[in-house]
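Written out below as structure tokens is the structure these notes cover.
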Amino acid sequence: MFVQLFKYPVVLARYGTGPLLEERRAFLTHLMKQGHPRRTLQRTARTLAAIVKMLGLADRPGKAMTLAEVEHKLADQHRLFPVATQWLRFMGRL
């Protein structure tokens, strides 16, 4: 999936590795099958990487979060909220 989105090795390494790799890949594949354009998928890949860090998802594997927790942790980054909630729902973690 990430090879389809990014052509530069440094960028590919940044998004094609790291925590929740399979979950991020599955969500991006899902969006691709829905017909989202490449640019949207690239932006979403970057957003997912930020969401993993901001929500501390790597530190709580498989554990669900409440909507209030997500709102609180993303208070300074409201633009990430829609993608975060969509992805968490997709994973069954919201």
Filter segment 71-94 down to the residues that are crowded, with 16+ Cβ neighbours inside 10 Å and of a type in the set (D, E, K, R), then identify the one that is nearest to Phe27 (Cα to Cα). Arg93
Under the condition of being assigned to a helix (DSSP H, G or I), under 14 Å from the mean Cα position of the chain (by Cα) and basic (Lys, Arg), which residue from segment 41-94 is nearest to Glu23 (Cα to Cα)? Arg89
May I ask you to verify whether Val3 is at pLDDT below 95, surrounded by 12 or more Cβ atoms within 10 Å (Cβ to Cβ) and out of contact with any Cys (no Cβ under 8 Å at 6 or more places or on another chain)? no
Give the residue, chosen from Ala50, Ala68, Ala13, that is surrounded by fewer than 14 Cβ atoms within 10 Å (Cβ to Cβ), without any contact (Cβ under 8 Å) to a residue 40 or more places away in the chain and closer than 22 Å to Arg93 by Cα. Ala68
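Has segment 9-23 got at least one residue that is in a helix (DSSP H, G or I) and closer than 18 Å to Pro82 by Cα?
So far as segment 9-23 goes, yes, one or more of its residues are in a helix (DSSP H, G or I) and closer than 18 Å to Pro82 by Cα.
The values are calculated or read from the model by the stated rules, or taken from the named source; none is laboratory data. Computed from a predicted structure; not experimentally measured. All Cβ positions, even for glycine, are placed from backbone atoms using ideal geometry, and neighbour counts span all protein chains on display.
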